[in-house]
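Heads up: the structure comes next, in structure tokens.
The values are calculated or read from the model by the stated rules, or taken from the named source; none is laboratory data. All values reported here derive from a predicted model rather than from experimental measurement. Reconstructed Cβ throughout: ideal geometry from the backbone, glycine too, with neighbour counts over all protein chains shown.
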Amino acid sequence: MSQQSFVIGVDYGTDSVRSVIVNAHSGEEVAASVFYYPRWKQGLFCDAAENQFRQHPLDYVEGLEKTIKEILQKVGPEVAANVKAISVDTTGSTPVAVDANGTPLALLPEFETNPNAMFVLWKDHTSVQEAAEINEHAGKFSTNYLQYVGGIYSSEWFWSKLLHVLRADEKVRAAIYSWVEHCDWIPFLLTGGDKASEIKRGVCSAGHKSLWAEEFGGMPPDDFFASLDPLLAGFTSRLSDETYTSSERAGVISTEWAEKLGLPQDVVIGIGAFDAHMGAVGGQIEPYYLSKVMGTSTCDMLVAPVDEVKGTLVNGICGQVHGSIIPGMIGMEAGQSAFGDAYAWLKNLLAWPLQNVLAHTQLVDTETAQKLIAETEGKILAELSRLANELPVEEGGEFAIEWLNGRRTPDANQLLKGAFFGLDLGSDAVKIFRALVESTCFGAKKIVDRFIEQGIPVKGLIGLGGVAKKSPFIMQMMADVMNMPIKIHKSEQTCAIGAAMFAATAAGIYPKVEDAMDAMGQGFDAEYHPNPERVGIYEKRYQQYSEAGAFVENLYAAELTT
């Protein structure tokens, strides 16, 4: 293999897109670029009070062009000429309505400001009712079509979001041809696709979010959806039953995009996947090690050999799919709907006086006020972590339930709410922060417990993403609560690096993605071990958390059944 083979990994996150160019031989990250979505940053097309979170396709397209151009400018024409492939990961389930040409409706003039014509972000929970209907409806069939997605369909996923948009918007309903995941649309865009019927769907998105299963020969029959609501009739015929692993090619870059980006016209475009799935590969996942991609939410990935899993089905997770992470192995997904988002919520709560009082002060000039606001906001979480780390670990005191954005796993339920217990006049910001962090660790333990209870061992933890790299306090508490070590991957960009590994595989530089992982992986640079003095205390507090969670769930039981 030539030392001058390079690949590009593109990682679409919640707030930004990052592109990296990587030496396919050594795994060295040669250049990187980040683009923050401008429309998203302004809060356009979103309504947090209604759990509506939409993203405009222009944010994605502009970010794709800008970041790749920028990294190629950094490395120069010689490296650009030796780029062999591009692969993409995205958030998910983040689908969009497209016309027959595969164009997202929001890119058409008549829909350019219509949120229902935009990508429905993973954390959009406007389709809670539709998800509940799918779950109730599935029980009417002799075949359990939910068995490979943990037995519960979520409002964060493909079909519930489609049904909600169709019901909510007559104009979109009249114009839509198909419904496409973000991770499947970007490769289609880069290869110059112009027919929605030819979009290649990755097994990752299809298996984990849209009820595709090889055991069914594809998706549930059209009658499953049409009998739920006639608005869904015919959609399965516009979604191919054929799926592809991320080690395969979506095609070759189109002439238009090759010229636009300054790339060779034979650059391979790989099949896309969700960020955490490629991130697990970038973080060098191992069988039965739970790879925790920790960002705004968490996605917990586990792979296991097919012959060892056999007929084991884990209830309450986000699916188990053959080849969804590593081809040839069963990929299992779980996660938490709010992790970093929970800490950001508290930071924003504490920062309210800065934005609403200090921003309008007459004591200093506007520029100084803004600098003070930015400096203070930037230090809030770090200072809370420092002081929380000094608090003694005791059985009593404040504790919390972290369901601020509902519960993803185990047992998806997006109607649930967060809660705090044991507050008194001595409860300050540091204690509340510590309780919130602890609750996110307890929520993570619930996931590990579910795997183990249902026959899938968890041998250890791998920490990936921004929180894992930047917060020793949270990672040490995670190790203590889990009572098992957690090793932290060296790369801060495991999702983008994972995409690059898949690009190298799709280009034929490596015969399989495991070989790309071995050659391009950057290894681990930290490991946290449980503190025996704290483990027993956390076990008792975990019981309190479990009892409190059951109490909160009972509070919402009436709402859950409507």
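Brief remarks on what is shown
- Selection status of Ala342, in contact with a strand residue (DSSP E or B) (Cβ under 8 Å, 6 or more places away or on another chain) and either surrounded by fewer than 22 Cβ atoms within 10 Å (Cβ to Cβ) or within 21 Å of Gly295 (Cβ to Cβ) (or both): yes
- Cβ-Cβ distances below 6 Å connect the following pairs, each with a first residue in the range 477-495 that is buried (at least 22 other Cβ atoms within 10 Å of the Cβ), a second residue that is part of a helix (DSSP H, G or I) and charged (D, E, K, R), and a separation of six or more residues or different chains: Asp480/Arg534; Val481/Lys445; Met482/Lys445; Cys495/Asp275.
- The number of residues in the range 287-315 that are small (Gly, Ala, Ser) and part of a strand (DSSP E or B) comes to 2.
- Residue in the range 138-153 that is in the same structural domain as Asp184 (by TED's automatic domain parsing), closer than 18 Å to Asp47 by Cβ, polar (S, T, N, Q) and part of a loop (DSSP other than H, G, I, E, B) present: no
- Among residues of the range 121-135, those that are under 18 Å from Ala276 (Cβ atoms) and either among the β-branched types (Val, Ile, Thr) or not in a loop (DSSP other than H, G, I, E, B) (or both), counted: 0
- Condition broken by Ser26, with the remaining ones in (1) surrounded by fewer than 18 Cβ atoms within 10 Å (Cβ to Cβ); (2) under 26 Å from Trp179 (Cβ atoms) satisfied: (2)
- Inter-residue pairs, beta-carbon under 7 Å, first closer than 9 Å to Ile68 by Cβ and modelled with pLDDT of 95 or more and in the range 248-263, second assigned to a helix (DSSP H, G or I) and of a type in the set (Gly, Ala, Ser), 6+ apart: Gly262/Ala80; Leu263/Ala80
- Residue in the range 151-166 that is in contact with a His (Cβ under 7 Å, 6 or more places away or on another chain), hydroxyl-bearing (Ser, Thr, Tyr), buried (at least 20 other Cβ atoms within 10 Å of the Cβ) and within 15 Å of Asn116 (Cβ to Cβ) present: no
- Any hit, the range 86-103, residues being without any contact (Cβ under 8 Å) to a residue 60 or more places away in the chain, under 26 Å from the mean Cα position of the chain (by Cα) and over 25 Å from Ala334 (Cβ atoms): yes
- Segments classed as helices (runs of 4 or more DSSP H), wholly inside the range 448-558, with at least 3 members that are acidic (Asp, Glu): 513-520, 532-555
- Some residue of the range 531-538 being over 23 Å from Pro327 (Cβ atoms), of a type in the set (D, E, K, R) and over 25 Å from the mean Cα position of the chain (by Cα): yes
- Complete set of residues in the range 187-208 that are farther than 23 Å from Leu261 by Cα and of a type in the set (Asp, Glu): Glu198
- Wholly within the range 221-286, helices (runs of 4 or more DSSP H) carrying at least 2 residues that are within 26 Å of the chain's Cα centre (by Cα) and buried (at least 23 other Cβ atoms within 10 Å of the Cβ): 275-282
- Failed item in (1) modelled with pLDDT of 95 or more; (2) under 30 Å from Ala131 (Cβ atoms), with Ile432 passing the rest: (2)
- Qualifying positions in the range 365-387 - of a type in the set (Asp, Glu) and more than 32 Å from the chain's Cα centre (by Cα): Asp365, Glu367
- Restricting attention to the range 63-95, the residues that are under 11 Å from Ile8 (Cα atoms) and among the basic types (Lys, Arg) add up to 1.
- Tyr12 vs. criteria under 26 Å from Ser155 (Cβ atoms), hydroxyl-bearing (Ser, Thr, Tyr) and in contact (Cβ under 8 Å) with a residue 12 or more places away in the chain: yes
- Filter pass, Gln493 being at pLDDT 95 or above, farther than 19 Å from Gly316 by Cβ and not aliphatic (A, V, I, L, M): no
- Breaking point among (1) surrounded by fewer than 20 Cβ atoms within 10 Å (Cβ to Cβ); (2) closer than 17 Å to Gly282 by Cα, for Ala506: (1)
Here is a yes/no grid of residues against (1) at pLDDT below 95; (2) crowded, with 16+ Cβ neighbours inside 10 Å; (3) not assigned by TED's automatic domain parsing to the domain that holds Glu214:
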{"position": "Asn348", "(1), (2), (3)": "no, no, yes"}
{"position": "Pro353", "(1), (2), (3)": "no, no, yes"}
{"position": "Ala359", "(1), (2), (3)": "yes, no, yes"}
{"position": "Leu381", "(1), (2), (3)": "no, yes, yes"}
{"position": "Leu384", "(1), (2), (3)": "no, yes, yes"}
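- Checking the stated criteria, Ser297 turns out to be touching an Asp or Glu at 6+ places or on another chain (Cβ under 7 Å), more than 16 Å from Lys490 (Cα to Cα) and small (Gly, Ala, Ser).
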